[in-house]
Amino acid sequence: MSTIYNSYEYYEGNQSLLSMLNKKKTGNKLINQIIADNETAYKKKMESMGIYTDSSKDKYSNVAKASDSLLDAIEDVTKEELYKVQEGKEYDKSPLLKSITNFVTAYNNEITSLNNCGGALNQEFAKEFKTSFTANKDALEEIRITLDDDGKLTINQEKLSGAPGNKLKTVFGDNSGYIKSVTASVDPINDILGKVRALRSSNYNSKGIMF
């Protein structure tokens, strides 16, 4: 589990305690100072992740959209029918190649949105995506998909088209270790963004008080 996810769990888990302190100790100078210190620490922590200020709202919205698009692309490229040869017919690889291209586009959009967001969210998950590629580098490069210095994928379309279907299935099929690894990174991003929305919503502020 990512360090960012744990940070959100910590702040979420302390909401009820802070709420209790506010209700029972209002006016107590010591408690007020503790709450004020928490407010400052909370804001700094959130800003370090790039999620606290109003200016980050659109950036996080873009990350969420990119994550949803990437998950859709993963669902599409792992469809079993893309890899099946219909009896009596020549195998048509074009739908699979299109799905792979869509996956790479969605993947690169995710990297762009994370980079634009910055902060710990980008650092954490850009690293995870790179690790996933590195672990499957040989298989990906064998079908002519490489990783650029900016963390984005590049396809050699001509050589990808010549790759055997079984090689493509190894990388992008439902049982692909690479696809499972990428999915395991995208899912927590959406979970974290959901927690961000909750923390920024009308339910609680950083002191645990209802707005």
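The values are calculated or read from the model by the stated rules, or taken from the named source; none is laboratory data. What you see is a predicted model; the values in this text were computed from it and never measured. Because the Cβ atoms are built from the backbone with ideal geometry, glycine has one as well, and the counts that use them run over all protein chains shown. Note: accessible area is taken over every heavy atom of the protein model, side chains too, but ligands, DNA and RNA are not part of it. Shrake-Rupley method; radii C 1.70, N 1.55, O 1.52, S 1.80 Å.
In the set (1) among the β-branched types (V, I, T); (2) surrounded by 14 or more Cβ atoms within 10 Å (Cβ to Cβ); (3) at pLDDT below 65, T53 fails one condition alone, (2). Here G118, G162, G173 are screened, and the one residue that is out of contact with any Leu (no Cβ under 8 Å at 6 or more places or on another chain), open to solvent by less than 70 Å² (accessible area, probe 1.4 Å) and under 22 Å from I189 (Cβ atoms) is G118. The residues listed here are A139, A184; of these, the one that is out of contact with any helix residue (DSSP H, G or I) (no Cβ under 7 Å at 6 or more places or on another chain) and of a type in the set (G, A, S) is A184. Of all residues in the range 67-85, those being among the polar types (S, T, N, Q) and over 20 Å from K167 (Cβ atoms) number 2. When the range 121-159 is filtered for residues that are open to solvent by 60 Å² or more (accessible area, probe 1.4 Å) and among the hydroxyl-bearing types (S, T, Y), the ones remaining, listed by number, are T131, T134. Hey, does the range 81-98 have a residue that's of a type in the set (S, T, Y), open to solvent by 10 Å² or more (accessible area, probe 1.4 Å) and either under 15 Å from the mean Cα position of the chain (by Cα) or modelled with pLDDT of 95 or more (or both)? No: zero hits. Restricted to the range 57-80, and to residues there that are farther than 21 Å from G177 by Cβ and not small (G, A, S), the residue that is least open to solvent (accessible area, probe 1.4 Å) is V63.
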